[in-house]
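Data first, discussion second: the structure below is written as structure tokens.
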Amino acid sequence: MFEQDQLLAPLAPLAPLAPAPRKMLIRGATIISMDGKVGNLPRGDILIADGVIAAIGQNLQADDAEVIDAAQMIAIPGMVDTHRHSWEGQLRRINPNAATLEDYCNATHFLFAKYYRPRDIYVGNLLTALGCIDAGITTVIDNSHNSRTGAHADAAVEALLDAGIRAVHASGAPVSGEWDKAHWPGNLARLQEKYFSDPDRLVTLAMMAQLEPEQWAVARQLGIPIVTEFFGGGMAAELESLHRQGLLGSDNIFNHCTCLPDSGWRILREAGVRVNVCPRSDAHYGIEDGMNAWQAAYQHGIRPGLSVDNETSYSGDMFMEMRVAFYLQRVMGQRQGHRHAPAPTDAFRLLEAATIDGAAVAGLEQRIGSLAPGKQADLVLIRTGDLNVYPVNNAIGTVVHAAERSNIDTVIIGGRVRKRGGIVLGVDQARLRAAIDESCGHLFSAAGYQPDLFAQSFAPIHHA
């Protein structure tokens, strides 16, 4: 619980996380491992010991293990959202028809963000993290560009820890309004010392910053990744100089990468920059040409992750990102003369983007992203008997093209069960809703916003 804001304490929306069982046996699942050596099993078992996958096979024995009967389920690795502004959780769908980035900013940076208290950051991050778990997303890169004070940053981290999600917390400076500039970027060293001394902790630290080498130097002194909102059409000209100075590397994570010319892609590949793309966000807000960069990245030898970006206009699940990416890629394939006209993709490639490729973007591919002995036990069990998915004539097609949050029976993170029987564990729903409602009430009142359940647009707010 976030200790510096005692007003939140009585709400207590979460019970303490239960310890992971020493051994767990998932029996009889259809296994999509995303690992070339393990392969896929029509029916198999997964043995977990001390939070790590110990074995995958058929008829595994472990007399002292807790058993999960997964005979009518598909097991996949936990999905990875490689770019989410988690602090905006309580602003879900407040601006559903936003057509531009400025429209998005009107409802976030230029308005509500300025009035966030530490407790509001906690509530937003907690709601987002629990929503991710509910949707089978076991890892999120938290792009926290509203770190107004050290207390705000603490609240963001503690919400992720309390939720029990695996996360990379990228602390970042606010975009508008008054904030404590004295704590940035030095606050990162304080955060690292306070929260991130244990290398086995589920949450790790990163910096969120634009093309600012002086800020990047601070992150590199701390040995943490650097997350950047990168729009290729408008920012590509800066890449050559950065690359020539040796300032781009595998510790860089670039979001979006829309409209990047071939020369820019070559620089990113040579430097080892990690890339994530935003199928819905780029189209929804008309970012540059509105087309996500998934296909362009692949054609230049880069395997991008997928990201939701935010929930202020649409839902927070990875199933929709896979589907939008799939169909927009098919549309490009029908366009004669399109510079990135591809051969049609397949469902497996999109599932890779949502799992193992996303893990690589997070720098965690050695620990998560596939089901294999020695990896952390981050996995999802999807029911196959539900009306919307039965019969399962193709397991991969079912996951990518048909499954949804309601079909997720079980979510396990680091060997700890966080969702079981379709319910996220340890959440007091009434108290969680009370915390969300109080936060929304404060933010709406402070900003002078009058809620309208049927609004077609979000009134522009002047920058301040």
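Quick look at the values:
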read-out	value
Calculated from backbone phi, Karplus (6.51, -1.76, 1.60) coupling profile of segment 408-422 in Hz, x at Gly/Pro	7, 8, 9, 10, 10, 10, x, x, 9, 6, 10, 9, 8, x, x
Under 29 Å from the Cα of K114 - lysines, other chains or at least 8 residues apart	K181, K194
Dipole of segment 16-85, positive direction: furthest Cα of G78, A65, L25, with charges on the beta-carbon	G78
For segment 244-261 versus segment 445-460, the gap between their alpha-carbon centres in whole angstrom	36 Å
Gap separating the Cα centres of segment 356-386 and segment 95-126, nearest whole Å	30 Å
Extended-chain gain in nm, criterion 0.36 nm per residue less alpha-carbon gap, Q450 and L387	18.7 nm
Listed residue (Y195, L91, A167) projecting farthest to the positive dipole end of segment 89-206, Cβ model	L91
Residue-level accessible surface for D45, protein heavy atoms, 1.4 Å, Å²	10 Å²
Most positive-pole-ward Cα, A359, N407, A434, against dipole of segment 331-453 from beta carbon charges	A359
Relative contact order, percent, segment 18-99 [alpha-carbon distance under 8 Å, six or more residues apart]	33 percent
Carbon plus sulfur fraction of accessible area for segment 191-332, probe 1.4 Å, in percent	50 percent
Inter-site label distance for A459 and D289 at 7 Å from Cα along Cβ, in nm	3.8 nm
Value in Å of the Kirkwood radius, where the chain supplies the Cα pairs that are averaged	22.5 Å
With DNA, RNA and ligands ignored, accessible area of C278 (1.4 Å probe; Å², nearest 10)	0 Å²
Segment 352-450: equivalent-ellipsoid semi-axes (sqrt of 5 x gyration tensor eigenvalues, Cα, Å)	32, 20, 15
Point-to-point label distance, N97-E270, nm (Cα→Cβ direction, 7 Å offset)	4.7 nm
Computed helical MRE - 222 nm, the chain, DSSP H runs ≥ 4 contributing -39500 (n - 2.57), nearest 500	-9000 deg cm²/dmol
The chain, accessible area per residue, ligands and nucleic acids excluded (1.4 Å, Å²)	39 Å²
Label-point separation in nm, Q366 to K181, each point 7 Å along Cα→Cβ	4.0 nm
Rg/Rh for segment 183-337, where both radii come from Cα atoms and Rh is the Kirkwood radius	1.00
Percent carbon-and-sulfur accessible area, segment 59-179, ignoring ligands, DNA and RNA, probe 1.4 Å	47 percent
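The values are calculated or read from the model by the stated rules, or taken from the named source; none is laboratory data. Keep in mind that this is a model prediction, so the values were computed, not measured. Here the Cβ is made from the backbone with ideal geometry for all residues, glycine too, and neighbour counts use every protein chain on show. What goes into the accessible areas is simple: the full protein's heavy atoms, side chains included, and nothing from ligands, DNA or RNA. Shrake-Rupley method; radii C 1.70, N 1.55, O 1.52, S 1.80 Å.
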